[in-house]
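Reading through the structure tokens given below for one structure.
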Amino acid sequence: MKIALMTNNYKPIMGGVPISIERLARGLEDMGHQVTIFAPTYQEQQQEENVFRYATCMKHFIGGIVLPNPFDRRIEKEFRKQEYDVIHVHHPMLIGRTAVYLSRKYHIPLVFTYHTRYEQYLSYVGAVKLMENRASREKGIGVGACAGILHLIKDKLMPAYLHTFLKYCDFVFAPTAGIQEYLKQVCGLSPEKLGVLPTGIEKANFQVTDQEKRQVRESLGAEECPLFLTVSRMSHEKNVEFLIESLRLLKYSHGKDFRMAFVGDGPDRKTYEADCRKAGLEENVIFTGIVPNEEIPPYFAAADAFLFASKTETQGIVILEALAGASPVIAVKASGVSDLVTPKCGILTREDPEAFAESTADFIDRRMGRSGMEENALKTAQQYREEAVAFRAVHYYNKVIAGKAAHQETVSTRARLGQ
């Protein structure tokens with residue numbers, strides 16, 4: 001089978017969508033399928049086989065990502081070199097529209113993965129502040145008007161656009177059962193058009209040695225105290241401020257000693273480092289910056305628990321990676337998280353720093369009861385191995401291809417009969 005994977009962002013950018021695409025492509029190729037990834041150009045990119053880089057409009061857009069140019073004529077030229085069986089697009093906008101065009105023109109099935117709750121994400125990316133600053137500088141528009149514009153985009157325009165885009169898709173993947181239900185109830189998709197396809201977990205996440213775990217704990221000064229971890233983009237939409245406040249309460253209200261590693265980078269990292277110093281957490285918290293993907297598994301396996309507060313996830317890939325490291329998860333209850341974290345392998349709390357701190361303190365106190373959670377975390381992760389996810393994707397691809405062929409045959413028959 002020949003598969004075109006299309007995306008607005010990819011490596012060297014680190015994030016959920018690039019990781020998901022890379023692992024899906026690798027799993028499909030291991031099964032013998034031919035995959036081409038259509039991705040935008042980056043200054044720091046490395047040459048990769050079967051990755052076609054199309055043009056970029058802006059090298060520095062929002063939060064360090066690029067603004068791709070989906071109108072690059074080389075996309076269709078490259079696309080026509082292969083007779084693809086299916087197009088799998090990972091964004092509804094920009095390259096999403098190009099995917100729709102190619103699907104309709106060449107009569108190739110189009111599938112889409114709903115990675116991001118766009119209407120929620122807009123609430124966290126600082127769009128209100130950006131509009132307010134620009135309005136006051138250029139036109140003097142008030143705060144209320146700016147917020148109103150954002151809410152119009154978030155509550156009206158984005159859902160309307162998504163609803164229209166989904167009509168052109170032959171099949172839609174949800175990363176979790178909860179998001180699948182959301183797409184049925186809110187977006188009106190029929191169950192026949194929906195399936196669950198999570199991001200696969202690499203084999204390396206299951207193969208960490210005890211020595212590697214010890215080295216991580218030593219490097220973070222956590223030989224004699226609990227070690228907590230989060231792996232995240234250091235930006236507002238990931239709710240990092242919430243974690244910092246919860247850690248402050250854990251230390252000063254509950255009297256707990258611990259180490260917390262924030263792995264990742266982003267536009268707000270320096271702000272968070274300053275917040276930790278103000279909160280008196282400089283001896284407890286370490287900001288590691290970006291850690292290469294191949295070096296992250298030991299961090300998950302070394303942690304006593306993985307802490308997570310983001311509410312914009314459709315599926316927390318890092319949650320699955322933590323579970324693969326037998327690390328229980330303590331997280332804010334939200335869509336995309338609740339599907340993965342159960343009482344057997346973690347703790348879900350409401351979005352209240354005191355409740356989160358209390359749950360974390362309780363986790364520290366019950367050392368003897370953690371082994372069961374660790375075992376269940378590993379069992380949960382086994383269901384999401386990279387090869388298992390690729391196998392599931394092929395099953396859905398074949399279903400969509402067969403359905404498209406049957407539909408086209410029906411149309412041709414009716415045309416011959418003059419109906």
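The values are calculated or read from the model by the stated rules, or taken from the named source; none is laboratory data. Not measured: the values here are computed from a predicted model. Quick reminder, even Gly has a Cβ in these numbers, built from the backbone with ideal geometry, and neighbours come from all protein chains shown. Just the protein is used for accessible areas: all its heavy atoms, side chains included, with ligands, DNA and RNA removed. Shrake-Rupley method; radii C 1.70, N 1.55, O 1.52, S 1.80 Å.
Of all residues in the range 1-30 being over 17 Å from the mean Cα position of the chain (by Cα) and open to solvent by 40 Å² or more (accessible area, probe 1.4 Å), which is nearest to Lys238 (Cα to Cα)?
Arg26
Based on this model, can you work out whether Glu76 counts as part of a helix (DSSP H, G or I), touching a residue at least 12 places away in the same chain (Cβ under 8 Å) and open to solvent by 20 Å² or more (accessible area, probe 1.4 Å)?
Spelling it out, Glu76 is indeed part of a helix (DSSP H, G or I), touching a residue at least 12 places away in the same chain (Cβ under 8 Å) and open to solvent by 20 Å² or more (accessible area, probe 1.4 Å).
Failed condition for Gly418, given (1) loosely packed, with under 13 Cβ neighbours inside 10 Å; (2) at pLDDT 95 or above; (3) of a type outside the set (Ser, Thr, Tyr); (4) part of a loop (DSSP other than H, G, I, E, B), with all others met?
(2)
Here is a check on your reading of the model: is Lys379 farther than 20 Å from Val17 by Cβ and out of contact with any strand residue (DSSP E or B) (no Cβ under 8 Å at 6 or more places or on another chain)?
Yes; evaluated as a whole, the condition is true for this residue.
Of the conditions (1) β-branched (Val, Ile, Thr); (2) surrounded by fewer than 13 Cβ atoms within 10 Å (Cβ to Cβ); (3) modelled with pLDDT under 85, Thr164 fails just one. Which one is it?
Among (1) β-branched (Val, Ile, Thr); (2) surrounded by fewer than 13 Cβ atoms within 10 Å (Cβ to Cβ); (3) modelled with pLDDT under 85, the lone unmet condition for Thr164 is (3).
Tally the residues that are in contact with a Gly (Cβ under 6 Å, 6 or more places away or on another chain) and open to solvent by less than 10 Å² (accessible area, probe 1.4 Å), restricting the search to the range 337-350.
Result for the range 337-350: 1.
Name the residue, out of Ala39, Ala4, that is farther than 19 Å from Phe165 by Cα and small (Gly, Ala, Ser).
The conditions single out Ala39.
Do we have any residue at all in the range 40-60 that's open to solvent by less than 60 Å² (accessible area, probe 1.4 Å), within 14 Å of Leu5 (Cα to Cα) and part of a helix (DSSP H, G or I)?
no
So which residues in the range 354-380 are under 20 Å from the mean Cα position of the chain (by Cα) and at pLDDT 95 or above?
Across the range 354-380, the qualifying residue is only Ala377.
Quickly run through the range 301-317 and pick out the residues that are open to solvent by 10 Å² or more (accessible area, probe 1.4 Å), aliphatic (A, V, I, L, M) and farther than 18 Å from Glu212 by Cβ.
Hit for the range 301-317 is Ile317, nothing else.
Only residues that are surrounded by fewer than 20 Cβ atoms within 10 Å (Cβ to Cβ), modelled with pLDDT of 95 or more and part of a loop (DSSP other than H, G, I, E, B): list them for the range 240-267, please.
Result: Ser253, His254, Gly255, Lys256, Asp257.
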